[in-house]
Amino acid sequence: CTPQLGAAASGTKLFKMLIKKAGSIKKKAHTAFTREPPTEEYKGRAISTIPARVRMFSGCKDTQTSADVQDVTSFGLPPVSEADKAGGACTNGILSTLEHTPDITFGDLLVKMRETLKERNYTQIPQLSTSNSVKLRDEKFSVWAPEKTGNHRAVLVGINYTGQAQGVLNGCVNDVKMMRDYIKSTGFTDDNIRVLADDIDLTRTPPTGSEIVKALAWLVKGAKKGDSLFFHYSGHGSQQKDDTGDEADGMDETLVPLDYAENGCITDDTLFQLMVAPLPTGASLTCVFDCCHSGTILDLPFLFSATEESCAALSNGEDLEMAQNPRFDMDTAKALVSGIASGVFNQVIKAKLKAGSAAGAVAGKAGSAGGGIQDTLAGLAGGLFDGDEQKAKKDATESPEW
């Protein structure tokens with residue numbers, strides 16, 4: 001998916017200057033990377049850069065595609081309905097494992113996911129990315145923060161691309177329904193779950209780029225220590241040329257919204273800015289990305305890839321440590337976090353709003369000036385990132401029905 005943002009891209013110059021140098025440092029360092037356990041110094045820097053507790057499951061590596069499941073009963077799961085049996089391999093692998101073994105460590109969950117997928121002839125390799133080094137054989141999987149003392153919120157996105165000329169999927173909406181049932185079984189409530197899907201019987205909120213951005217802003221707004229946040233995405237994932245210099249392979253990983261042809265995709269940089277950078281110490285975010293090219297889509301410091309070798313080592317009792325993510329750059333992440341804290345990010349996305357509106361007027365596209373991803377980011381900037389509580393309250397009262 002290649003975004004069609006036109007002149008809106010020109011509004012990113014200030015932000016690019018902030019991270020361009022860090023990106024060049026990353027490219028030089030990447031060539032010398034070896035998969036040795038991260039040093040204590042690296043661990044400390046990671047925690048100071050991303051103080052929140054972030055755990056992200058992806059269904060495959062960045063270079064892999066993710067598969068559909070034609071019948072979820074083959075994973076030992078009950079179908080949402082007799083007519084709707086399709087789903088995503090990653091979502092079904094996780095839920096199937098949790099259905100049979102609800103009390104499970106992160107390491108065992110990844111091993112079981114890999115075994116479940118391999119038994120059904122799926123070649124994709126699940127991955128876990130985190131903000132701090134997880135003890136895979138000790139830490140139990142949960143969608144809740146360890147303290148479980150704060151609020152809880154979840155955003156679930158399922159896109160089948162129904163009615164489009166190409167790329168139609170079958171099971172993504174079903175994935176969301178099953179994931180909603182699972183998190184509710186753990187204690188999440190309907191009032192704190194927002195669903196976006198191209199199914200009017202399930203939700204009135206379409207999974208367009210701007211609506212996904214709004215939902216993610218709601219997910220993290222006002223987050224504090226002890227909060228439990230959850231995000232699940234099932235749909236297309238893709239890659240596009242990186243224009244900031246922070247990707248060693250020259251490519252950004254992206255989510256593909258329903259309106260990608262008109263308003264572009266959501267990049268990994270945007271996801272980090274929205275979901276990770278604003279989170280305070282003690283907040284907990286768990287994500288499941290069931291899409292292609294999603295291995296490192298949140299650009300987190302630590303990575304475990306469920307290869308045959310690593311899964312065998314875990315199964316044999318080896319106390320494996322998560323590796324340093326070769327795609328993560330500490331300086332770029334610090335720039336993104338500090339950009340939000342200092343208000344630089346506000347200036348950038350407001351510039352994008354101005355540029356995007358001009359581009360929309362030139363192109364004559366309905367919705368280009370006010371309904372795109374960049375415009376939505378700009379509209380949310382004041383209340384979400386600069387601490388303006390009055391603006392935040394105004395945004396909350398004017399948000400659409402979910």
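Would you kindly find the accessible area of R180, with a 1.4 Å probe and non-protein molecules such as ligands, DNA and RNA excluded, rounding to the nearest 10 Å²?
R180 exposes around 60 Å² with every protein chain in place.
Need the full-extension length gain, Q164 to K118, defined as separation in residues times 0.36 nm minus the C-alpha distance. One decimal, nm. Each step should come with its number before you reach the end.
Numbers: separation 46, 0.36 × 46 = 16.56 nm, distance 3.13 nm.
Length gained, Q164 through K118: 13.4 nm.
Report the calculated FRET efficiency for A261 and D190 (r = Cβ-Cβ distance, R0 = 30 Å), to the nearest 0.05. If you can, show how the numbers build up before the last one.
Details: r = 32 Å, r/R0 = 1.08.
It comes out at approximately 0.40.
Probe radius 1.4 Å, ligands and nucleic acids left out: which of S338, S310, S185 has the largest accessible area, and how do the rest follow? Don't skip to the end; give the middle numbers.
Values: S338 55, S310 20, S185 90 Å².
Descending accessible area places them as S185, S338, S310.
Rounded to the nearest 10 Å², what accessible area does E147 have for a 1.4 Å probe in the complete protein model?
Around 90 Å² of this residue is reachable by solvent.
For segment 94-99, in order, what is each residue's ³J(HN,Hα) by Karplus, 6.51 cos²θ - 1.76 cosθ + 1.60 with θ = phi - 60°, in whole Hz (x at glycine and Pro)?
5, 5, 4, 5, 5, 5
Ranked by accessible surface with a 1.4 Å probe, highest first, in what order do I297, I47, I125 come?
The ranking, largest first, comes out as I47, I125, I297.
For segment 147-289, with every protein chain kept in place, what is the accessible area per residue (1.4 Å probe, Å²)? Walk me through the intermediate numbers first.
Details: 4680 Å² over 143 residues.
Normalised by residue count, the accessible surface of segment 147-289 is 33 Å².
The values are calculated or read from the model by the stated rules, or taken from the named source; none is laboratory data. Owing to the predicted nature of the structure, the values given are computational and were not obtained by experimental measurement. Don't worry about glycine lacking a Cβ; one is built from the backbone with ideal geometry, like all the others, and counts go over all protein chains shown. Only protein heavy atoms, including side chains, enter the accessible area calculation; ligands, DNA and RNA are left aside. Shrake-Rupley method; radii C 1.70, N 1.55, O 1.52, S 1.80 Å.
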